[in-house]
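Presented below is the structure to which this report refers.
The values are calculated or read from the model by the stated rules, or taken from the named source; none is laboratory data. This is a predicted model, so every value here is computed, not measured. Glycine gets a Cβ as well: all are built from the backbone with ideal geometry, and neighbour counts include every protein chain shown. Side chains included, ligands, DNA and RNA excluded: accessible areas come from the protein's heavy atoms. Shrake-Rupley method; radii C 1.70, N 1.55, O 1.52, S 1.80 Å.
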Amino acid sequence: MSVNDWYSLFLANRPVEMKRSGSIGKKTSCYSMYISKLKSAQVTENLRYQISAFLFDTKTSQMFGRQCRTEWKRAERDSTCIFNETLYFYSEINDRDLLLIIEFVEEGNEHINLGPAVSVGWFSTSVEKKRAVEISENRSVEIFGGTPKLLIFDKEAVLKPVGNVECSYNIHEMPPFFFQTIPEFCIVCDKDLIPGILKDCSDDEWLSTPKEMPTIPAAIDAIAIQFKNNVPELERQITNDIEREWALKDGGNHKPKAVIMDRKLKIGVHNGYSYVTEPFTVDLEIINASSNGTLRSRKKPIDFGKSSNWGEQLVFQATGNPRLALRNLYADPRMAIIFLLEYTFHREDNQSLNQTILIGWAAWTPFSDDTYTGKEVETRVSFVGGPRPNPEGVLCYKNVLNQPDSLKPLSEKLEIFVDFKFYENGRSVHNTPTPRRSDSARVPTSRSTENVHSSRSKGSRAQIETPKSSVPPERFPALVDTGRSTSSIDELKSINEELDRFIEEPTEIPIEEIVVAKKAVEESLPLTSVYKIPFEDMRTSNFHRSVHSMFARLNFVQLRDRNGESPSTDDVTSKSLIDMRRERLDRLDNAHIYFQFVAFKQLISLDAVPSKKVFFTINFYRFPEITTESMLLETMEKGEPNLLKKLDKNGAEDESAPPGFIAKYVIEGEESKLDFLDFLASGHSCIDVWDSDSLIHLGSTIVPLRNLYRRGREAVQLFIQCPVVDTSLDAGSKAGSVLYLRVANIGLPSGNGELFEIKSKYLLN
């Protein structure tokens, strides 16, 4: 199968995303709809009929997911058509407003004047299912005439029954790999071919008990991005476009300066339906071959003044030149390796704001020849761009990669390639289930998120020369943990040994006569935890009296309940029992959670440079991580912590703004309330602190939430003193600073008897 065939498969199976977010259930449920037979006066003998299934959201009047069409079945006598088809899909969302629509379609035939295919009837059922039942529990359901599209325009239409169908709708147990091979809300049936699942043609219900395809252990290395001319001009054009966009958003009075913060390559494995291995990120370093292969910082923009001398000698190489294991690469010619080239920019005047741009993407099918005998391939793949759909589901930058020369915005022809070596040992092993797309990964492993600058990682890397050891190194370096796999260390080592025995010592082949100096492979370090949370060192306490005095005399934003009263203050260190029954019966269904940042105190350290400005990233409940604006640390009286003050557009202290900063989260709806109450019992909020000038990670802290239960009151608040600890240290962690917060839970009624949609939102003030 060629790449074009894979792309056609991807376009055919790409589900429509749901517009809104629903309530996430406690576990992912797989559902099955078994349809036995259709009986209706609309059914004509000897004509063929088909089932068309899709999902519908009554809240937004949207049809979403992947539509499934079964095989055509010929109708029998007595206006009956027997299908015996089973449809499968899964969902993490548990919502009564989601419907499964089953439509019955009659085949058209222009040669005998039957016209196009038409709908003969349909019915719907709520996606939500409480219990699993046997498939033999069929029941007769009425179908309605017309088309289900009328739900979009008229939800109150009077429906007329035109027949009935025997069916059953159940919760169906599926193995973990099923959820890995298809995306959420993708409806499939026995007719579909799904890479990763073996199709047993002798079994008509093979999908009810699926069997997993074997996987091929494989890896790639020697990853390099090759440009053909115009790299500085491309970066300059993208920078200018981003600056123009930011200026328009700011009203056009000031044009902010955009700075390249990161260049990175994301690599994933795709089966035409979804990622079976979520994309992991590889940092890129710039190599100027004309300067004897010297490395340049991946965060530093290219010097445009010197660009004319570089020509075709510019290469982006994977940092450290790692060899990366490709997990869950099934033995199927429809599998593809996906490459995504991304740039990240930040604003020079506000470094807490950044924007990531997808420059281009590429796909390569390693088993297009349908052979799995073991191969070692050095290959080159071209990037494409523009508005065409891509596996990442994001907008790609202008299609400067494959337009005609006369239409290109650049003055010269631009081409981008990714060069790499692919290793396959041709032996099958069991696959490793991977997390879904809510996770993130990065290689080399370092704590980072998309909302905060990638420059948290270390600075530019220097070349290292090491003396040759008398002990021959391993041919296959230790696999880099991408953060996506949940496999055990023993499994990684076993695969590593299999590949090491099979793959011969690779010979270095120069690409386009460019000699790139390879970095020495360092000795593998002991496997340790990358991220450690020292809970003991992060033990919180209440405000000291001096901090309370400062808070009382300054003009902080006051929090009030619905009656205009101040919230009741609780002790954050108390361990009183919680009456969950009283909390669930509380008439105030909505909860407004406030995080008010009050002050920040840096503890004295001989080797530390005091920060002048800081910003925070907050992780709370199910909400996405948010990044605050930069705030000035204002010096107060002796012994008091530094007050947090907002900055104006010029970066100076905003005298008109009250001190501090507030992040507000809103929990609405009865069902969401119950889930949130369960979360408060043992949940925490994680806050990271960053230096705004150097973008250095100062540390992390956790905020316990157990004492935010209202216990029948209108509102409750906590004044919390949180130690900030450097979590990058494996041992000897010690608080280097203290964060002062006020956290409040203010209850409000649902209001006007309105049935609230379950929401996840936050407000920044």
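Looking at segment 656-687 only, could you name the residues that are assigned to a strand (DSSP E or B) and open to solvent by less than 50 Å² (accessible area, probe 1.4 Å)?
Going through segment 656-687, the residues assigned to a strand (DSSP E or B) turn out to be 661-667, 684-687.
If the condition is that a residue be assigned to a strand (DSSP E or B) and open to solvent by less than 50 Å² (accessible area, probe 1.4 Å), then Phe661, Ile662, Ala663, Lys664, Tyr665, Val666, Ile667, Ser685, Cys686, Ile687 are the ones that fit.
Quickly run through segment 155-185 and pick out the residues that are open to solvent by 50 Å² or more (accessible area, probe 1.4 Å), of a type outside the set (Asp, Glu) and either part of a loop (DSSP other than H, G, I, E, B) or under 30 Å from Asn328 (Cα atoms) (or both).
Within segment 155-185, Lys155, Val158, Leu159, Lys160, Pro176 qualify.
Conditions (1) among the charged types (D, E, K, R); (2) modelled with pLDDT of 85 or more, marked per residue:
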| position | (1), (2) |
| --- | --- |
| Ala117 | no, no |
| Ser124 | no, yes |
| Ile143 | no, yes |
| Pro148 | no, yes |
| Lys160 | yes, yes |
| Lys191 | yes, yes |
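If you go through segment 723-765 one residue at a time, how many are modelled with pLDDT of 50 or more and basic (Lys, Arg)? So that I can check it myself, show each step before the final result.
First, the residues of segment 723-765 that are modelled with pLDDT of 50 or more: 723-730, 732-751, 765.
When the remaining residues are screened for being basic (Lys, Arg), the result is 734, 742.
Number of matching residues: 2.
Filter segment 44-56 down to residues that are within 21 Å of Met33 (Cα to Cα) and either of a type in the set (Gly, Ala, Ser) or modelled with pLDDT under 90 (or both), then give me how many there are.
Summing the residues that are within 21 Å of Met33 (Cα to Cα) and either of a type in the set (Gly, Ala, Ser) or modelled with pLDDT under 90 (or both) in segment 44-56 gives 2.
Condition first: assigned to a helix (DSSP H, G or I) and hydrophobic (A, V, I, L, M, F, W, C). Can you find one or more residues in segment 199-206 that meet it?
yes
Considering only residues that are out of contact with any strand residue (DSSP E or B) (no Cβ under 6 Å at 6 or more places or on another chain) and within 12 Å of Glu85 (Cβ to Cβ), look in segment 186-203 and name the one that is most open to solvent (accessible area, probe 1.4 Å). Even if it seems obvious, please write down each step before you answer.
Initial filter on segment 186-203 (out of contact with any strand residue (DSSP E or B) (no Cβ under 6 Å at 6 or more places or on another chain)): 190-194, 197, 199-203.
So of that shortlist, the ones also within 12 Å of Glu85 (Cβ to Cβ) come out as 190-192.
Working: Asp190: 22, Lys191: 81, Asp192: 14 Å².
Among those residues, the one meeting the criterion is Lys191.
Given (1) buried (at least 16 other Cβ atoms within 10 Å of the Cβ); (2) under 22 Å from Leu284 (Cα atoms); (3) at pLDDT 85 or above, where does Gly385 come up short, assuming only one miss?
Against the list (1) buried (at least 16 other Cβ atoms within 10 Å of the Cβ); (2) under 22 Å from Leu284 (Cα atoms); (3) at pLDDT 85 or above, Gly385 comes up short only on (3).
Among the strands (runs of 3 or more DSSP E) confined wholly to segment 534-643, which include 3 or more residues that are surrounded by 12 or more Cβ atoms within 10 Å (Cβ to Cβ) and among the polar types (S, T, N, Q)? Explain how you work it out, then say what you get.
Details: elements: 590-602, 613-619, 631-634.
Qualifying strands (runs of 3 or more DSSP E): 590-602.
Count, please, the residues in segment 334-360 that happen to be open to solvent by 30 Å² or more (accessible area, probe 1.4 Å) and assigned to a loop (DSSP other than H, G, I, E, B).
Qualifying residue count for the region: 6.
Among the numbered conditions (1) closer than 15 Å to Ile593 by Cα; (2) of a type in the set (Ser, Thr, Tyr); (3) at pLDDT below 90, tell me where Thr635 comes up short.
Result: Thr635 passes all but (1).
Of all residues in segment 99-115 being at pLDDT below 85 and not in a loop (DSSP other than H, G, I, E, B), which is surrounded by the fewest Cβ atoms within 10 Å (Cβ to Cβ)?
Residues of segment 99-115 at pLDDT below 85: 108-115.
Filter again for not in a loop (DSSP other than H, G, I, E, B), leaving 110-112.
Details: Glu110: 8, His111: 5, Ile112: 8.
The residue in question is His111.
Quick test for you: out of Thr628, Thr617, Thr573, pick the one residue that is farther than 30 Å from His346 by Cβ and either touching a residue at least 12 places away in the same chain (Cβ under 8 Å) or touching a Cys at 6+ places or on another chain (Cβ under 8 Å) (or both).
Numbers: Thr628 fails: farther than 30 Å from His346 by Cβ; Thr617 fails: farther than 30 Å from His346 by Cβ.
Criteria check complete, one pass: Thr573.
Looking only at segment 226-262, count how many residues are in a loop (DSSP other than H, G, I, E, B), at pLDDT below 85, under 13 Å from Arg347 (Cα atoms) and open to solvent by 60 Å² or more (accessible area, probe 1.4 Å).
First, the residues of segment 226-262 that are in a loop (DSSP other than H, G, I, E, B): 229-230, 250-257.
Imposing the further condition that a residue be at pLDDT below 85 reduces the set to 229-230, 250-256.
After this cut, where a residue has to be under 13 Å from Arg347 (Cα atoms) as well, the list is 250, 254-256.
With open to solvent by 60 Å² or more (accessible area, probe 1.4 Å) added as a condition, the list becomes 250, 254-255.
Looking only at that region, the number is 3.
How many residues does segment 204-223 hold that are open to solvent by 40 Å² or more (accessible area, probe 1.4 Å), more than 18 Å from Arg334 (Cα to Cα) and in contact with a strand residue (DSSP E or B) (Cβ under 9 Å, 6 or more places away or on another chain)?
Step one: list which residues in segment 204-223 are open to solvent by 40 Å² or more (accessible area, probe 1.4 Å), which gives 204-205, 209, 211-212, 214.
Next cut, more than 18 Å from Arg334 (Cα to Cα) only: 204-205, 209.
Checking the rest, the ones that are also in contact with a strand residue (DSSP E or B) (Cβ under 9 Å, 6 or more places away or on another chain) come to 204-205.
The qualifying residues number 2.
Among the residues of segment 688-696, are any surrounded by 18 or more Cβ atoms within 10 Å (Cβ to Cβ), of a type in the set (A, V, I, L, M) and modelled with pLDDT under 90?
yes
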